[in-house]
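The values are calculated or read from the model by the stated rules, or taken from the named source; none is laboratory data. Source: prediction; values computed, not measured. Note that each Cβ is placed from the backbone with ideal geometry, even for glycine, and that neighbours are counted across all protein chains shown. For accessibility, only protein heavy atoms count, side chains too; no ligands or nucleic acids. Shrake-Rupley method; radii C 1.70, N 1.55, O 1.52, S 1.80 Å.
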Amino acid sequence: MTVTYLKTAKPEAERAEDDAVVRRTVEQTLTDIETRGDAAIADLSLKFDRVSRPSFRLTPSEVEAAIQQVAPRDMEDIRFAQTQIRRFAQEQRASLRDIEVETLPGVILGHKNIPVQSVGCYVPGGKFPMVASAHMSVLTAQVAGVPRIVASAPPVNGAPHPAIVAAMHLGGAHEIYLLGGMQAVGAMAIGTPTIDPVHMLVGPGNAFVAEAKRQLFGRVGIDLFAGPTETMLIVDDTVDAELCATDLLGQAEHGYNSPACLITTSRKLAEWTLIEIDRLLNILPTRDTAAVSWRDYGEVILCDTHDEMLAVANDMAYEHVQVMTDRDDWYLEKMHSYGALFLGPRTNVANGDKVIGTNHTLPTRKAGRYTGGLWVGKFLKTHSYQRVTTDAAAAMIGEHGSRLCMLEGFVGHAEQCNIRVRRYGGRNVPYGVAAE
């Protein structure tokens, strides 16, 4: 396979050093929250958010006051986005059904899809107030039927961000907190005297939020292990450099460490895209962020064939993968490791992030090899159950179970089966002997 890197990203070793600093900071912070509870939350909020309050939960009047500040057109757009997201989430929920089947005469097996009982939804609001994240987490949890939905976002200029609060409220949040970063996810997962802990954490965030969720996993469930936003373009000469550069920088502005990668079979397109990126960085209002991200984490990879592009893309397993080629459906069929696909030049990641209806909380750092993104199913637990309704079935299953337990040396297990064979099958099976 012939693969040429026209631009490479920051070495993995340097990225690992950054990760180590974050890991130590988060570990200390979560220990402080667990030890000091509300006092730690108050100190962290004052330090990072510059806010001090007797309670960080917004009152109903504060929620209403924030909503009143949202411009009518903005509220209309929020409602439109939530309609699209709700519609797709409801279709996903309808595809998941409880089942019950009689696998043998008198043997009934089934499963039920039961919602997680409490969820903490984090909505980032530092560099950019991510209103859409409220739709993706809160609204999806509501469609799944979660009975307690807790939402938290940092203050903006010392106050709740009106549009975020509106999106949380309209999406179905039962509790809304004015907390950001590590202290938000720590408070929701660990709990304090004034904040009841949740069973699951969802939502994107910066490196510290992502690491906090990683360290809290096990104590609570999480949606997925998330890192910085990633975007990949798989393109051939059917598109132009302006489109490619725009789509790469459109995601690079997320943060200083957001990988953006162009994979193409066209050297001419690759070279012109590099030139176009430089041009756009001179006029992009968020260039201070996007330029650093592109400098340190941008990549341009030249391949000879579509098969090579496919192999590279599947190996990298990026979060957002835009496919703009003469064979987009071929990639849809062949791609197996990614967060979400965006097919054709009319489609773009920004629409997926904000409004089109699919969920924007997606796997990063190659997690797309083993998980998909956030969806209704993430909030549901599939629990099985069994029922044996006849004596004959109890004895028959018991005989097989007894022998298999003894095969593994589990005598006590075998006796659970044997007692059914004796009671319902009328056979005398000695204790500690496999049923015959």
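Residue-by-condition table, conditions (1) among the β-branched types (Val, Ile, Thr); (2) within 21 Å of Pro259 (Cα to Cα); (3) without any contact (Cβ under 8 Å) to a residue 24 or more places away in the chain:
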position: Asp315; (1), (2), (3): no, yes, yes
position: Arg327; (1), (2), (3): no, no, yes
position: Ala340; (1), (2), (3): no, yes, no
position: Leu343; (1), (2), (3): no, yes, yes
position: Ile356; (1), (2), (3): yes, no, no
position: Pro363; (1), (2), (3): no, yes, no
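Name the residues in region 157-179 that are open to solvent by 10 Å² or more (accessible area, probe 1.4 Å) and touching a Pro at 6+ places or on another chain (Cβ under 6 Å), would you?
Result: His161, single match.
Check off (1) over 14 Å from the mean Cα position of the chain (by Cα); (2) open to solvent by 70 Å² or more (accessible area, probe 1.4 Å); (3) free of Cβ contacts under 8 Å to residues at least 60 places away in the same chain for Tyr370 and give me the number that stays unchecked.
Of (1) over 14 Å from the mean Cα position of the chain (by Cα); (2) open to solvent by 70 Å² or more (accessible area, probe 1.4 Å); (3) free of Cβ contacts under 8 Å to residues at least 60 places away in the same chain, only one is false for Tyr370: (1).
Give region 274-291 a look and list any residue that's open to solvent by less than 40 Å² (accessible area, probe 1.4 Å), at pLDDT 95 or above and among the β-branched types (Val, Ile, Thr), or say none.
Listed by number, the list holds a single entry, Ile277.
Name the helices (runs of 4 or more DSSP H) wholly within region 64-170 that hold at least 2 residues that are at positive phi and either in contact (Cβ under 8 Å) with a residue 60 or more places away in the chain or of a type outside the set (Ser, Thr, Tyr) (or both)?
Of the helices (runs of 4 or more DSSP H) lying wholly inside region 64-170, none has at least 2 residues that are at positive phi and either in contact (Cβ under 8 Å) with a residue 60 or more places away in the chain or of a type outside the set (Ser, Thr, Tyr) (or both).
Evaluate the following for Met182: is it touching a Phe, Trp or Tyr at 6+ places or on another chain (Cβ under 7 Å) and open to solvent by 10 Å² or more (accessible area, probe 1.4 Å)?
yes
Please tell me if Glu271 is in contact with a strand residue (DSSP E or B) (Cβ under 9 Å, 6 or more places away or on another chain), surrounded by fewer than 22 Cβ atoms within 10 Å (Cβ to Cβ), acidic (Asp, Glu) and part of a helix (DSSP H, G or I). Write out each step before concluding.
Details: in contact with a strand residue (DSSP E or B) (Cβ under 9 Å, 6 or more places away or on another chain): yes; surrounded by fewer than 22 Cβ atoms within 10 Å (Cβ to Cβ): yes; acidic (Asp, Glu): yes; part of a helix (DSSP H, G or I): yes.
Considered against the rule, which asks whether it is in contact with a strand residue (DSSP E or B) (Cβ under 9 Å, 6 or more places away or on another chain), surrounded by fewer than 22 Cβ atoms within 10 Å (Cβ to Cβ), acidic (Asp, Glu) and part of a helix (DSSP H, G or I), Glu271 comes out as yes.
Got a sec? Which of Val421, Val388 is buried (at least 16 other Cβ atoms within 10 Å of the Cβ), of a type outside the set (Gly, Ala, Ser) and under 41 Å from the mean Cα position of the chain (by Cα)?
Selected residue: Val388, the only one of Val421, Val388 that is buried (at least 16 other Cβ atoms within 10 Å of the Cβ), of a type outside the set (Gly, Ala, Ser) and under 41 Å from the mean Cα position of the chain (by Cα).
When region 338-364 is examined, which residues are found to be within 14 Å of the chain's Cα centre (by Cα) and either surrounded by fewer than 17 Cβ atoms within 10 Å (Cβ to Cβ) or among the aliphatic types (A, V, I, L, M) (or both)?
Ala340, Leu362
Just need a number here: residues in region 348-379 that are closer than 21 Å to Ala245 by Cα and either in contact with a strand residue (DSSP E or B) (Cβ under 7 Å, 6 or more places away or on another chain) or small (Gly, Ala, Ser) (or both).
Counting residues in region 348-379 that are closer than 21 Å to Ala245 by Cα and either in contact with a strand residue (DSSP E or B) (Cβ under 7 Å, 6 or more places away or on another chain) or small (Gly, Ala, Ser) (or both) gives 4.
Taking only region 1-36 into account, find how many residues are assigned to a loop (DSSP other than H, G, I, E, B) and open to solvent by 60 Å² or more (accessible area, probe 1.4 Å).
Residues in region 1-36 being assigned to a loop (DSSP other than H, G, I, E, B) and open to solvent by 60 Å² or more (accessible area, probe 1.4 Å): 4 in total.
Would you mind telling me which numbered condition in (1) within 28 Å of the chain's Cα centre (by Cα); (2) surrounded by fewer than 15 Cβ atoms within 10 Å (Cβ to Cβ) Ala40 fails?
Tallying (1) within 28 Å of the chain's Cα centre (by Cα); (2) surrounded by fewer than 15 Cβ atoms within 10 Å (Cβ to Cβ), Ala40 fails exactly one: (2).
Asp315 is checked against (1) touching a Ser or Thr at 6+ places or on another chain (Cβ under 9 Å); (2) open to solvent by less than 30 Å² (accessible area, probe 1.4 Å); (3) on the phi < 0 side of the Ramachandran plot; (4) modelled with pLDDT of 95 or more and fails just one. What number does that condition carry?
All conditions are met except number (2).
Which residues, taken from region 99-117, are open to solvent by less than 80 Å² (accessible area, probe 1.4 Å) and out of contact with any Phe, Trp or Tyr (no Cβ under 8 Å at 6 or more places or on another chain)?
Result: Ile99, Val101, Thr103, Leu104, Gly106, Val107, Ile108, Asn113, Ile114.
Name the residues in region 381-416 that are in a loop (DSSP other than H, G, I, E, B) and polar (S, T, N, Q), would you?
Within region 381-416, Thr389, Thr390 qualify.
Just checking, which of Ala207, Ala189 is at negative phi and open to solvent by less than 30 Å² (accessible area, probe 1.4 Å)?
Ala189
Based on what the data block shows, is Ser266 open to solvent by less than 10 Å² (accessible area, probe 1.4 Å), of a type in the set (Gly, Ala, Ser) and within 22 Å of Thr4 (Cα to Cα)? Spell out the reasoning first.
Working: open to solvent by less than 10 Å² (accessible area, probe 1.4 Å): no; of a type in the set (Gly, Ala, Ser): yes; within 22 Å of Thr4 (Cα to Cα): yes.
Criteria not met by Ser266.
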